[in-house]
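Below is one structure, written out as structure tokens; the observations come after it.
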Amino acid sequence: MFTGIIESVGSIISIDNHGDDKSITISAAGMNLEDLKTGDSIAVNGICLTITELNSNQISVDVSAETLSCTTFNSVNSGSKVNLERAMRLSDRLHGHLVSGHVDAVGVIKECTQDARSEKFKIEYPESVQRYISKKGSICVDGVSLTVNEKQNNRFVVNIIPHTLQNTIFVDYKPGTRVNIEVDIIARYLESLSVFT
């Protein structure tokens, strides 16, 4: 589990193809890796992955064909920046919201506009996740815990404050950028309990 509070922005050093799967090595120079070990979970752009190798300021992860098929990881390249977060401890403060690292859909940035000191992003999402998104509800975009400020048909709007903008890959977003979306875990589990039917 994660909180959606990004600890560091890393960059992809190399991508090795293994048939339908990939191994990715990431520079995590800005992150404290001392308490991590091989086999631990890490969120990379909101995707929960397992660390397969760890040395100095680099981590390696395997990305399965399933993950590639339903996330933006099918289009990353060497040099791509990524949001990083270590798995939370049960004793941690929950600064964002509960994030599982299981991506529900890929969205697309449609508009980026200035809104006072914030940047407003309008994100288009597939109809399959519409019922889980609500105004003032929680949403995770590329691993960042955010609040939905507006919902219009198949688009929602989030405001990114200057601190978040400068400390995540949101700073590089422009119309057409594809992003990983994870809906609020509570909404997902309520549906599985047939509360919505």
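Where a number appears in this text, it was derived from the coordinates with a stated rule and is not lab data. The shown structure was predicted, so the numbers you read here are calculated from the model rather than taken from an experiment. Neighbour counts are summed over all protein chains in view; Cβ atoms, including those assigned to glycine, are modelled from backbone coordinates with ideal geometry.
Which order results if K135, K22, K37, K120 are arranged by neighbouring Cβ count within 10 Å, fewest first?
Numbers: K135 12, K22 19, K37 9, K120 16.
Fewest-to-most Cβ neighbours within 10 Å comes out as K37, K135, K120, K22.
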Practice problem: May I ask you to sort Y189, Y173 by Cβ crowding, counting other Cβ atoms within 10 Å and putting the fewest first? | Solution: Y189, Y173
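Which loop-located GluC sites (Glu not before Pro) does the stretch 27-73 contain, where loop means any DSSP state but H, G, I, E or B and the Cβ has at most 12 other Cβ atoms within 10 Å?
For GluC sites (Glu not before Pro) across the stretch 27-73 that sit outside H, G, I, E and B with at most 12 neighbouring Cβ atoms in 10 Å, the list reads E34.
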Quiz item: Sorting S41, S11, S138 on the 10 Å Cβ count, fewest up front, what's the list?
Solution: S11, S41, S138
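For the cross-link pairs K151/K174; K22/K110; K22/K122; K37/K136; K110/K135; K81/K110, which exceed 27 Å when the distance is taken from alpha carbon to alpha carbon? Walk me through the numbers on the way to the answer.
Working: K151/K174 20 Å; K22/K110 29 Å; K22/K122 31 Å; K37/K136 37 Å; K110/K135 18 Å; K81/K110 20 Å.
As for pairs spanning more than 27 Å Cα to Cα, those are K22/K110; K22/K122; K37/K136.
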Practice problem: Determine the sum of side-chain charges near I123: Lys and Arg each +1, Asp and Glu each -1, restricted to other residues whose C-beta is under 12 angstrom from that of I123. | Solution: +2
